[in-house]
Every structure is written in structure tokens, then in C-alpha cells.
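> Please see the structure below; I have some questions.
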Amino acid sequence: MSIQEEAKRAANADRRGDKRQAPSAYSKQQYLTSEGYTHLEKDMIEALLEEGRLYTHAELQQIINSFINQEAK
């Protein structure tokens with residue numbers, strides 16, 4: 001099961017009120033080796049995520065979206 005599929009499954013469980021399993025969190029390196037992200041997304045992951053910290057899929061998407069939508073300086 002891919003990281004994205006697992007995150008979707010966990011999110012669906014949350015919506016149903018099934019609290020048995022918390023959303024999975026992954027390291028920067030795990031996201032970089034995942035086949036579920038484009039080269040552009042992996043470039044952003046490399047630049048934006050901290051080593052040694054775990055991120056859920058929702059956190060990762062929020063970080064990427066914030067970066068994409070920020071005003072250029």
C-alpha cells in the first residue's frame with residue numbers, strides 16, 4: 001500500500017469516527033523514496049521538510065500548499 005493510499009484510508013477511518021488507528025506519519029526520506037510524488041513535489045519535500053521529524057500526509061500537503069501559495073518576494 002502506498003503512503004498516499006494509507007493516508008486516505010486513515011482519513012476515511014477518522015471521518016467514520018473509527019479512532020483505532022491514528023494517521024501514519026513518515027520521515028522526509030520515506031516521502032522522497034515514495035513513488036506517489038512527482039519530481040517537482042520531491043524537490044519541494046527536500047527543501048521544506050526537516051530531517052528527523054515525522055509528517056502525516058495532511059501535514060505534508062499543507063506545507064506544500066503553503067509554499068506554492070505564498071507571495072513571491
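> Those residues that are assigned to a loop (DSSP other than H, G, I, E, B), surrounded by 15 or more Cβ atoms within 10 Å (Cβ to Cβ) and out of contact with any strand residue (DSSP E or B) (no Cβ under 8 Å at 6 or more places or on another chain), I need them from the stretch 35-73; list them, please.
To start, the set of residues in the stretch 35-73 that are assigned to a loop (DSSP other than H, G, I, E, B) comprises 35-38, 49-53, 70-73.
When the remaining residues are screened for being surrounded by 15 or more Cβ atoms within 10 Å (Cβ to Cβ), the result is 37, 49.
Residue satisfying the conditions is Tyr37 alone.
> Looking for whichever is at pLDDT below 65 and either of a type in the set (Gly, Ala, Ser) or touching a helix residue (DSSP H, G or I) at 6+ places or on another chain (Cβ under 8 Å) (or both) here; the options are Ala13, Ala22. Which one fits?
When all the criteria are applied, what remains is Ala13.
The values are calculated or read from the model by the stated rules, or taken from the named source; none is laboratory data. Remember, it's a predicted structure, so these values are computed and weren't measured experimentally. Because the Cβ atoms are built from the backbone with ideal geometry, glycine has one as well, and the counts that use them run over all protein chains shown.
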